[in-house]
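A quick write-up on the structure given underneath.
The values are calculated or read from the model by the stated rules, or taken from the named source; none is laboratory data. Computed from a prediction, not measured in an experiment: that's the story for all the values here. Note that we place each Cβ from the backbone using ideal geometry, even for glycine, and neighbour counts take in every protein chain shown.
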């Protein structure tokens, strides 16, 4: 894998190509990235564009979404200026705006209550350095796409601010926020493993203006942490991105709650979206459906129609 210095050295090779292809080019160091505009609360789709990125981005457009949220774990170690050009070309060709980029790897990752605290995010010491490096690489790569938001699960942030892992996490998140700021980006913590008030404490203790929240509506329920309607009362002003996802509360203390089709779970989407709209939320509403294949496409179609009705009422 090319190290970051070699990657950035070679990035200039494709600058002209990105401009000619309708890509968004490379921002000056430290300057705000200016991605293509989209309507406030525009619907989007979370995609994992690997290995056939052109097909995945074309599917976003075919389903009628103007935006997408990029999950890039499968591209870690494969970031190149050439890959950035391919993505920019595909996005421009399909008139799709990439609103955020996320990675949670490298593994191991155990999405449960028993092993999750030791394996998820940048809180665990064993994987912290590797995860931070992956996020910095993703920030550098996303800059080539004009993507202004980098998101991840920071992990089971300790409720006790005197826990040594809490202070270590403050320093790690601050370092990541500062790296993203150098690329003109925000760094977003995805909701889930921590209570909203703990995330708010972290935002205030990190004390960086580009640190925000990626609201995953289902995760708050799946992890048994909060009702997303109430979470907005605490975190709403910091929300810059949203995963529209539904789920049911956990009943087994070893397992997360169940993710389900939007409208079939415990998320009150009318109130969530009304709350965000009242706060002036300008980001996308990105559907995330954790299945695959033809059933995923059918579920997404139904979820899109469900959310469109709610958004039409909210926007008047």
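Descriptive notes on the structure:
- Residue match in region 248-256 (condition: in contact with a helix residue (DSSP H, G or I) (Cβ under 9 Å, 6 or more places away or on another chain), closer than 20 Å to residue 41 by Cα and buried (at least 19 other Cβ atoms within 10 Å of the Cβ)): no
- Test: residue 8 is surrounded by fewer than 19 Cβ atoms within 10 Å (Cβ to Cβ), at pLDDT below 95 and part of a helix (DSSP H, G or I): yes
- Set 205, 160, 140: member being closer than 29 Å to residue 255 by Cβ and in contact with a helix residue (DSSP H, G or I) (Cβ under 7 Å, 6 or more places away or on another chain): 160
- Members of region 205-245 found to be farther than 30 Å from residue 182 by Cβ, in contact (Cβ under 8 Å) with a residue 40 or more places away in the chain and under 16 Å from the mean Cα position of the chain (by Cα), listed by number: 217, 218, 244, 245
- Just one of the listed residues (279, 311) is within 27 Å of residue 56 (Cβ to Cβ) and at pLDDT 95 or above, namely 311.
- Against the criterion of being within 14 Å of residue 218 (Cβ to Cβ), touching a helix residue (DSSP H, G or I) at 6+ places or on another chain (Cβ under 9 Å) and surrounded by 14 or more Cβ atoms within 10 Å (Cβ to Cβ), residue 310 does not qualify.
- Of the residues making up region 57-72, at least one is exposed (fewer than 15 other Cβ atoms within 10 Å of the Cβ) and on the phi > 0 side of the Ramachandran plot.
- Qualifying residue in region 150-164 (condition: farther than 28 Å from residue 39 by Cβ, at pLDDT 95 or above and in a helix (DSSP H, G or I)): yes
- Those strands (runs of 3 or more DSSP E) of region 26-135 in which 1 or more residues are under 23 Å from residue 167 (Cα atoms), touching a residue at least 24 places away in the same chain (Cβ under 8 Å) and out of contact with any helix residue (DSSP H, G or I) (no Cβ under 7 Å at 6 or more places or on another chain) are absent.
- Residue in region 176-192 that is assigned to a helix (DSSP H, G or I), under 20 Å from residue 159 (Cα atoms) and without any contact (Cβ under 8 Å) to a residue 60 or more places away in the chain present: no
- Taking (1) crowded, with 18+ Cβ neighbours inside 10 Å; (2) outside any strand (DSSP E or B); (3) on the phi < 0 side of the Ramachandran plot in turn, residue 167 satisfies each apart from (1).
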